[in-house]
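Chemist: I have a structure here, written as structure tokens, and I will follow up with some questions on it.
A short reminder: the numbers here are calculations on the coordinates, not readings from a lab. Note that the structure is a prediction, hence the values are computed from the model and not measured. All Cβ positions, glycine included, derive from the backbone under ideal geometry; neighbour counts span all protein chains shown.
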Amino acid sequence: MLDAIWQNFIVEGGVFLEVALILGIASALGFLGRTLRQPLIVMFLATGILAGPAFLGLIESYEQIELLAHMGIAFLLFIVGLRLDLHLIRTTGPVAFATGLGQIVFTSIIGFAIALLFGLPFMSAAYVAVALTFSSTIIIVKLLSDKKEIDSLHGQIAVGFLIVQDIAAILALVLLTTLGSQIDAEESVWLVTIFIALKGFGFLAAIWFFMIYLVPGLLRRLADSQELLVLFAVAWAILLGGIAEMLGFSKEVGAFLAGVSLASSNYRDMIAGRLTSLRDFLLLFFFIDLGARLNWQAVGSQIYPSIWFSLFVLIGNPLIVLIIMGFMGYRRRTGFLAGLTVAQISEFSLIVAALGLNLGHITQQDMGLITLVGVVTICASTYMILYSAPLYHFLERPLKIFERRNPYREPQTDVSAAVPLVDVILMGLGGYGSGLAAQLAARNKTFIGVDFDPATLERWRNQGILCIYGDMADPEILEQLPLNKTRWVVSTVRSQALSLSLLNLLKNRGFNGKMALTAVNETEADLYHKAGAQVVFRPFSDAAEQAADALTDAMDVLPDDSDLPIAFREIRIRSGSEFAGQTIRNIPLRSQASVSILAISRGGHVLYSPDPDFQIYPGDRLVIVGLPTDLKEAEALLSRQEKPMDDLDILDRFSIAEIHLAADSPLDGMTLADAQIRQKYAVTVIGIRRKEEQVFTPGPAERLQSGDRLLIIGFSKDVGTLKRQEPI
């Protein structure tokens, strides 16, 4: 009775109500998936299963959902073509081709053999083997981006061979939709193949002509309106999809070629970005349709073989990548992290399998097997990638067999014996790290850069900076660093787990220098201070405060627009400026740039019309007035950096030492105030070691005793002078 009422409710509500209920279930399951840190693909399959005939029976409009599913696949392949980055494959060298093709060949051969052992027919075994070879570019790129590993060496290699896999998947779709659907028993295979090849070459030639002669001008005219440009891209993808289907190819292949035809334009990233949400929405219906059409009787019979195939994908695929990359001279850690990205089958695998089912090449049981393997491997590999660091730490020793004695593509450079004293080891040369590195270089500080982006390292090496390839998550990186010759280790990586891990590793190795970490908020900053970091950077809050100061000052100081041919500009005096510490009288703005200082902002207060003896300090904001051309010259003048002194480090550097108080010292029995150590020696007593007792930050009334060891701090030259007089 309830079932009849429910069905009548669905029928009366129509397609809109049906789709609304399905999307509601998808949203609820998607939220659950986010909580479990699972990709939405798995949750969408679960939506189809739950809404399908096996459970709630909500789905009645199969034709409409199937149409949306086909459009979702078409847009998926259109965006793959649009973002086809062959340059990335070239920059990662032969490893992308070797690993991508090698993994496809070995996985398909071994998978085919396993399928035959389970008694699958030849065609079914071939489809299963092909499905096992493809990994999900969408899932992997998302996970690597979330972990900020997309620019790392293993991330770039993984994306490179995933592109190779995508190309192989497209070729597989072409072969299946042409040869599989057009060859019958009465026709010659060779004649049909030649006819298909001619049609294919003609189609490609037409697209090439359009891409070279028509696309550039057409897109320039459409670029005035982003909405019109995106609408054209959608129409173009669907048009080529329809033409491809008319020629005997699949609509998905046509959409892919439509993306390739626009990939060389300057607007591809904008088009892809605007269509990504549409792609994700339409792909939802593909997975819902797939889940709803699963034959549960057929799926239930495939549980046992799906376990073995899943183990092969989860363990075998990473091992294949490890072996290939180890043979090519990469370290086991790089091979392992790259290998984890192929420990699942992808949406392409399910698309190929669904196509084979429609063509009659495989059965419902085969489709159920591939779907089960997809669900298991996607779920498991997500956690493997998210927790790759502890997983590698656990397997580090046994993985040694996959690494050459000399991993020549990733030489471990031991700089400990090659460098003198170093001011800073800077871990992370991204946007914030590169800015910090540039400021350190301007201040004549010696530093070693550590990063895992090869392009970033090459850029800094070309500037003469010593850089090491390394990942802060890799404990082995510390073996390459001259920690015993380093004053500071600075991390610009904004990851709480990695920062605390680095802090603990340095403590365990007995690092005696100082540590600076980068926090994203005040809570994290407090945590780092408690853990032992001496300095914590707050790039977001500091930049926001500086921006608010600049905006507020501009609101208060800059006058409204006038018709006079003059302009105003605000310039911040940076640390190291040649004029920091100078009075306005000594800054040749009027004589060299013909501009005047209108006001100065400092610490939230604005001083109008400052007098010539006003002293300028770093951080001050000068509002200057003059002709626009002169303002640019004035900005260059004020930004000029002071030439560093050769002995700047010796003069400015503080050092700490212990001074022994002699048995007959005249200071015996005197208080610190009476001893006047600060006045006589220009150093400060910050602690006293007296037999078993230790006194820190002693007050002026603290009495000195013979035999005391005074802990002092001061400039290096002053501490050195006092040390030469020891005992005092």
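Chemist: Based on the mean of other beta carbon atoms within 10 Å per residue, what is the order of 274-285, 310-321, most packed first?
Modeler: Details: 274-285: 18.0, 310-321: 21.0.
By packing density, highest mean first, the sequence is 310-321, 274-285.
Chemist: Could you tell me the relative contact order of segment 650-724? Use alpha-carbon pairs under 8 Å, at least six residues apart, and round to a whole percent.
Modeler: Numbers: 142 pairs, mean separation 35.6, N = 75.
Worked out over segment 650-724, it gives 47 percent.
Chemist: Going by average Cβ neighbours within 10 Å, how do the peptides 239-250, 609-620 rank, with the highest at the top?
Modeler: Packing proxy ranking, top to bottom: 239-250, 609-620.
Chemist: Taking 2.2 N^0.38 Å as the expected size of a compact globular protein, what ratio does the Cα radius of gyration of segment 51-170 give against it, to two decimals?
Modeler: 1.32
Chemist: Something else about it: Can you give the angle from 0 to 90° between the axis of helix 226-246 and the longest principal axis of the chain, with both taken from C-alpha atoms, to the nearest 10?
Modeler: Once rounded, the angle reads 30 degrees.
Chemist: How much length, in nm to one decimal, is gained on full extension between Glu458 and Glu479, taken as 0.36 nm per residue of separation minus their Cα-Cα distance?
Modeler: Here the segment from Glu458 to Glu479 would lengthen by 5.4 nm.
Chemist: Under a plain spin-label model, where a point goes 7 Å from the Cα along Cα-to-Cβ, how far apart in nm are Ala682 and Asp542?
Modeler: 2.9
Chemist: Now a separate question. By the scheme Lys and Arg +1, Asp and Glu -1, what is the net charge of all other residues having a beta-carbon under 11 Å from that of Ile41?
Modeler: On the way: positive: Lys142; negative: Asp280, Glu347.
Cβ neighbours under 11 Å give a net charge of -1.
Chemist: Strictly over 21 Å apart at the Cα level, which of Lys514/Lys723; Lys142/Lys251; Lys485/Lys530; Lys400/Lys485; Lys680/Lys723 would you flag in this model? Could the numbers behind the result be given before it?
Modeler: On the way: Lys514/Lys723 23 Å; Lys142/Lys251 27 Å; Lys485/Lys530 25 Å; Lys400/Lys485 30 Å; Lys680/Lys723 14 Å.
In this structure, Lys514/Lys723; Lys142/Lys251; Lys485/Lys530; Lys400/Lys485 lie more than 21 Å apart at Cα.
Chemist: What's log10 of I(q)/I(0) for segment 2-394 at q = 0.12 Å⁻¹, Debye sum over Cα points only, no solvent?
Modeler: -1.01
Chemist: Moving on. For Met246 and Asn406, what does the FRET efficiency come to when R0 = 35 Å and r is the distance between their Cβ atoms, rounded to the nearest 0.05?
Modeler: On the way: r = 57 Å, r/R0 = 1.62.
Computed FRET efficiency for Met246 and Asn406 comes out at 0.05.
Chemist: Computed over the Cα atoms of segment 373-528, what is the convex hull's projected area averaged over all directions, in nm²?
Modeler: 11.9
Chemist: Note down the nm distance, to one decimal, between modelled labels 7 Å out along Cα→Cβ at Phe122 and at Arg602.
Modeler: Taking the simple label geometry, Phe122 and Arg602 are separated by 8.9 nm.
Chemist: Oh, and also: Where Lys and Arg each count +1 and Asp and Glu each count -1, what net charge lies around Asp620 among other residues with Cβ under 9 Å from its Cβ?
Modeler: Taking every Cβ under 9 Å from that of Asp620, the sum is +3.
Chemist: Moving on. Given bins 5 angstrom wide, list per bin the percent of all Cα-Cα distances in segment 570-728, short to long.
Modeler: Bin by bin from 0 Å, the calculated values are 2, 8, 14, 14, 9, 6, 7, 8, 9, 8, 6, 4, 2, 1, 0.
Chemist: What FRET efficiency, computed as 1/(1 + (r/R0)^6) with R0 = 22 Å and r the Cβ-Cβ distance, is obtained for Glu658 and Ala531, rounded to the nearest 0.05?
Modeler: In this case the efficiency is close to 0.25.
Chemist: Within 14 Å, Cβ to Cβ, of Met670, how many net charges do the neighbouring residues add up to if Lys/Arg are +1 and Asp/Glu are -1? Walk me through the numbers before you get to the answer.
Modeler: Working: positive: Arg678, Lys680, Arg703; negative: Asp664, Asp668, Asp674, Glu702, Asp708.
Overall, the nearby charge balance is -2.
Chemist: Only bridges with both residues in the chain count here: give the DSSP antiparallel percent, nearest 5.
Modeler: Counting only bridges with both partners in the chain, antiparallel ones make up about 65 percent.
Chemist: Using the beta-carbon distance between Leu311 and Gln694 and R0 = 60 Å, what value does 1/(1 + (r/R0)^6) give for FRET efficiency, to the nearest 0.05?
Modeler: Once the sixth-power term is evaluated, E becomes 0.50.
Chemist: Using Cβ counts within 10 Å as a stand-in for footprinting exposure, how do His361, His154 rank, fewest first?
Modeler: Ordered by Cβ neighbours within 10 Å, fewest first: His361, His154.
Chemist: Between rounded, prolate and oblate, where does segment 205-275 land on the alpha carbon gyration tensor, with a ≥ b ≥ c its root eigenvalues, rounded for a/c under 1.5, else prolate if a/b exceeds b/c?
Modeler: It is prolate, given that a/c is not under 1.5 and a/b is the larger ratio.
Chemist: May I ask for log10 I(q)/I(0) of segment 650-724 at q = 0.13, 0.14 Å⁻¹, from a Debye sum over the Cα atoms as equal point scatterers with solvent left out?
Modeler: Cα-only, vacuum Debye calculation for segment 650-724: -0.35, -0.40.
Chemist: Provide, as a two-decimal number, the C-alpha radius of gyration of the chain over 2.2 N^0.38 Å, N being how many residues it has.
Modeler: This ratio for the chain stands at 1.26.
Chemist: Sequence gap at least 6, Cα distance under 8 Å: using those rules, report the relative contact order of segment 2-394 to the nearest whole percent.
Modeler: 29
Chemist: Rounded to the nearest 500, what is the chain's calculated 222 nm mean residue ellipticity when only DSSP H runs of at least 4 contribute -39500 (n - 2.57) each, over all residues?
Modeler: Calculated mean residue ellipticity at 222 nm is -18000 deg cm²/dmol.
Chemist: Can you tell me the relative contact order of the chain? Whole percent, Cα pairs under 8 Å, sequence separation 6 or more. Display every interim value, and only then the final one.
Modeler: Numbers: 1096 pairs, mean separation 76.3, N = 728.
Worked out over the chain, it gives 10 percent.
Chemist: Further question: Which ³J(HN,Hα) values in Hz, rounded to whole numbers, follow from the phi angles of segment 622-636 under the Karplus curve 6.51 cos²θ - 1.76 cosθ + 1.60, where θ = phi - 60° and Gly and Pro get x?
Modeler: 9, 9, 10, 10, x, 5, x, 5, 6, 4, 5, 5, 5, 5, 5
Chemist: Okay, next question. Based on the Cα gyration tensor of segment 434-476, what are the three equivalent ellipsoid semi-axes, each the root of five times an eigenvalue, rounded to whole Å and given largest first?
Modeler: Equivalent-ellipsoid dimensions as semi-axes: 19, 12, 8 Å.
Chemist: Could I ask something else about it? So how much slack lies between Leu32 and Lys632, counting 0.36 nm per residue of separation and subtracting their Cα-Cα distance, in nm? Each step should come with its number before you reach the end.
Modeler: Values: separation 600, 0.36 × 600 = 216.00 nm, distance 5.58 nm.
Net length gain for the segment: 210.4 nm.
Chemist: For the residues Thr684, Thr137, Thr523, what sequence is obtained by ranking on other C-beta atoms within 10 Å, fewest first? Intermediate values should be presented prior to the final figure.
Modeler: Numbers: Thr684 13, Thr137 22, Thr523 9.
In order of increasing Cβ crowding within 10 Å: Thr523, Thr684, Thr137.
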